[in-house]
1. Which entries in the list LYS247/LYS299; LYS228/LYS271; LYS53/LYS247 go over 18 Å, if you measure between the two C-alpha atoms of each?
2. When the Cα atoms of segment 112-210 are enclosed in a convex hull and the volume is divided per residue, what value in Å³ results?
3. Would you mind working out the magnitude of the charge dipole of the chain relative to its Cα centre, with +1 at each Lys and Arg C-beta and -1 at each Asp and Glu C-beta, to the nearest 20 Debye?
4. What are the semi-axes of the equivalent ellipsoid of segment 167-299, taken as the square roots of 5 times the eigenvalues of the Cα gyration tensor, listed largest first and rounded to whole Å?
5. If you count, for each residue, the other Cβ atoms within 10 Å and average over each peptide, how do 273-282, 286-295, 119-128 line up from highest to lowest?
6. Would you work out which of ILE207, ALA142, MET119 lies farthest towards the positive end of the dipole of segment 112-210, given +1 charges on the beta-carbon of Lys and Arg and -1 on that of Asp and Glu, about the Cα centre?
7. At a Cα cut-off below 13 Å, give the aspartates and glutamates reachable from LYS232, other chains included and same-chain residues fewer than 8 away excluded.
8. Rounded to the nearest whole Å³, what is the per residue volume of the convex hull around the Cα atoms of the chain?
Amino acid sequence: MAASAAITPPAPHIPVLLRPLLRAVAPVTGVWLDGTFGAGGYTRALLAAGADKVIAVDRDPSVFKMAESWAAPYGDRLEMVEGTFSHLDKYGADLDGVVLDIGVSSMQLDQAERGFSFMKDGPLDMRMSAQGMTAADLVNEADEVTLADILYTYGEERASRRIAKAIVAARPITRTLELAKIIEGCLPRPKPGQSHPATRSFQALRIAVNDEYGELADGLEAAERALKPGGKLAVVSFHSVEDRMVKRFIQARSGTGGRVNRYAPEPEQTKAQFSPVTRKAVGPDDQELLENPRARSAKLRIAERTDAPAGAVDRKAIGMPFLLGDR
């Protein structure tokens, strides 16, 4: 451990629920895939804990530039891949473990030029990669009904119609603080302790721009295809919808989910693809909350792959939200 620490400088942000994750998957051996590489916190911890190799995947090309300052000493034990974790089975097979830390990273929020934050002025971008539709494209081109649907479905924003109408009336909108001010004008002033009025709307737009729910569903399926029997799937989520999707996926693939409708026919029994390792979601302990307040809403779920054939998952059954046009 001392030798590993010598080549591992402090990370820009602290990976959440790292200690319980490492305890639950110990001993760490073989080849792992970190599908949300970011600052490399999970990757370095897995290498220090004994992984022979980690395949580090991220859709954000900037993270690999930052890793150049510390990655070289790991040599062939670290392979960095620019891509999405929804295609992780293209980057590795017969894996001993897959780790996913779902959602926007603190690094991305801190970079005003990325356009994720309603507290810092920047271009209205919100892309986790450097490709595809931006939040500005969505805000300025989508019709009012579509915008309201996105805000309500992905952000659970009850004032979605009012906000969508105000956005359409104010177009074109190109800056984050410009959009935040429009949203603030549609909602009551927050009371002490309440979140910023733009929180839910910015979350909804970010999810839509990056297809985050679709990526998660695809990523869980890809992990099922890529893991070897006995391999571990560990997922950290920060949002109730994402945790629900992970929970129901594990239940569905381990045969512990039961029927959504008690009047529906009993589902055909097939061999389970996963066995739960954590009985319920693991949250941060008091020590971690003191060290890293960001971990407050984090939840960890872990499952172990069986030797059953991989298959497709019913996205509605695992609670994936759909916009009106996709239902």
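Read-outs throughout are calculated quantities, based only on the coordinates presented, and are distinct from any laboratory measurement. Just so we're clear, the structure is a prediction, and the values are computed from it rather than from any experiment. Cβ sites come from the backbone with ideal geometry, for glycine too, and all protein chains shown count toward neighbours.
1. LYS53/LYS247
2. Dividing the Cα hull volume of segment 112-210 by its residue count gives 86 Å³.
3. Dipole size: approximately 1080 debye.
4. Values for segment 167-299, descending: 36, 20, 16 Å.
5. Output ranking for 273-282, 286-295, 119-128: 119-128, 273-282, 286-295.
6. MET119
7. Partners within reach: ASP34, ASP94, ASP96, GLU224, GLU304, ASP307.
8. 146
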